[in-house]
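Q: Can you keep this structure in mind? I'll have questions shortly.
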Amino acid sequence: MRCALVIPSWVPEDIFSSKTASSQINYWQPLGTLYVAAVLQRAGHEVKFLNGAFMDHEELMRQTREFGPSFIGIYSTTFGWQKAKKTAAELRAICGKNTFICAGGPYPIAVQEKCLEDSGDLFDAIVTGEGEYTCLEMIERLSDGNGLEGVQGVVFRAEGSIVKSPPRPLITDLDALPFPARELLGDARLYIPPPATYRRKPVAVLMTSRGCNRRCIYCFQIDKDRKLGVRFRGVENVLAEIEHCLKSGYREIKFIDDTLAADYDRAMTLAREIRVRKLDFTWFASACVNQVDKPLLQAFKDAGCWAILFGAESGVQKNLNTIRKGTTPGQIRKAVKAAQEVGLRVSTPFMFGIPGETFEEGLQTIEFALDLNPDIANFHAITPFPGTYLYDNLEKYGSISEELTDYTYQGAAFIPHTMTREEILRLRQIAFKKFYSRPSFIAKRLLELRTPHDFAVALKSLRSLFWLWTKSDIFKKGKKGHSLTDPSASVKP
């Protein structure tokens, strides 16, 4: 069967301020979609991947029509659901009623049958969990002219009603999956992380595990009860994919596990094997501050790792406790110091608007970030995506915008009882200005400039810094009818 896997068209200004987009924009390789594509290809189906990040809506429609698919899978985040519906509506008109259209991704997984209720007859089904085997089984059924009764992990339409099947068990044997079908991406050099978070192109994104055993209130996990915790791939399987990526021309890898150090011994073995095999690539990873130590970080460095992200989130223990981070400011300091001592560049995201957080505590987090002095710091607004503990318990903690397009880390969709939207946006702007305007920080960065890429990143950063100082409402997101800073914007408890 001909299968089109589609990401609806979008532009950076849909998410970021137009004044800072050039220093924030990133285009991730969509691993979930590429895994589905690989499983379908292995079963003999013809797959075309269409990414609306690199083509406008009209071009997306044209290429899909020319391909003539019998099955279309549309990926959707919470933020992108309206675009997913628009895409489905036009594809339905172009391809006809005989083309099966389904949706998958974080938002459909989280709200499930509500997607079908909300979208009329635009979608025939919703994938409610990991999509690899669910999509394959659906397509096999459709190819044989059968219905979807008995297929686990879907919500579908049958004779005018909505049917919800039991959830599909999560995949435990991750080594049985084929490697993501990166060959469908086209020009791999287009897919880059944010500026300053990579050194070489092209950059491959790779996951060595799925799931998390932590319970942060803002984190979405399919395994809500954490019954399986972290599901690990074998080290040999990961190394085989690394070697496959290098043979395909990739020069850097970004490991996007929730934490690469969830199993300390496994992480150490992986790093040592990369070094022993003399695999020539640079890499970037994320880890929890209470799961690393200096020997592990040194092993990462020796294996080609040049940067690591630690989710700091807050400098106030009360707020770390609220989000159930399971860490302390002391552990954050220790991990950042150890990483910098072995020569790794450190990135630390922080968030404002935590339930119960006050404006003064937000200022304390900014001072903590300045004192911590990581190489890169980011300052987000906490966002309770559907399916998270925070979203499911909103009435306890605050209010949230009803506009799904507000569900990004850039605005302030969620407002705790203890702060206003304006205060959250002010904290973001104060934080960025203070952190990146320090003479010591600027001098250090100027001394580190070596390559054309370094100079390009510096120029984009300086442009963003200029607007941070000259435009007081830089993080306000203008809309038809309301803005994120408009106190009359619609919210729900």
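Q: Just checking, how many residues over segment 337-368 are within 18 Å of Leu427 (Cβ to Cβ), surrounded by fewer than 23 Cβ atoms within 10 Å (Cβ to Cβ) and small (Gly, Ala, Ser)?
A: 1
Q: Here is a follow-up. Working only within segment 86-100, note down all residues that are assigned to a helix (DSSP H, G or I) and β-branched (Val, Ile, Thr).
A: Result: Thr87, Ile94.
Q: Has segment 101-114 got at least one residue that is more than 21 Å from Ala38 (Cβ to Cβ), outside any helix (DSSP H, G or I), touching a residue at least 40 places away in the same chain (Cβ under 8 Å) and out of contact with any Pro (no Cβ under 7 Å at 6 or more places or on another chain)?
A: yes
Q: Now a separate question. Output the residues belonging to segment 70-85 that are part of a loop (DSSP other than H, G, I, E, B) and of a type in the set (Phe, Trp, Tyr).
A: The one that is part of a loop (DSSP other than H, G, I, E, B) and of a type in the set (Phe, Trp, Tyr): Phe79.
Q: Can Gly145 be described as outside the structural domain of Leu404 (by TED's automatic domain parsing), on the phi > 0 side of the Ramachandran plot and modelled with pLDDT of 95 or more?
A: no
Q: Follow-up. Of all residues in segment 161-177, which are touching a residue at least 60 places away in the same chain (Cβ under 8 Å) and within 23 Å of Ala125 (Cβ to Cβ)?
A: Listed by number, the residues that qualify are Leu170, Ile171, Leu177.
Q: Are any of the residues in segment 123-131 surrounded by fewer than 23 Cβ atoms within 10 Å (Cβ to Cβ) and assigned to a helix (DSSP H, G or I)?
A: no
Q: Moving on. Can Leu170 be described as under 28 Å from Leu246 (Cβ atoms), surrounded by 14 or more Cβ atoms within 10 Å (Cβ to Cβ) and among the hydrophobic types (A, V, I, L, M, F, W, C)?
A: Criteria not met by Leu170.
Q: Of all residues in segment 139-164, count the ones that are assigned to a strand (DSSP E or B) and touching a Phe, Trp or Tyr at 6+ places or on another chain (Cβ under 7 Å).
A: 1
The values are calculated or read from the model by the stated rules, or taken from the named source; none is laboratory data. Predicted model only: the values in this text are computed from it and were never measured. Cβ atoms come from the backbone with ideal geometry, glycine included; neighbour counts cover every protein chain shown.
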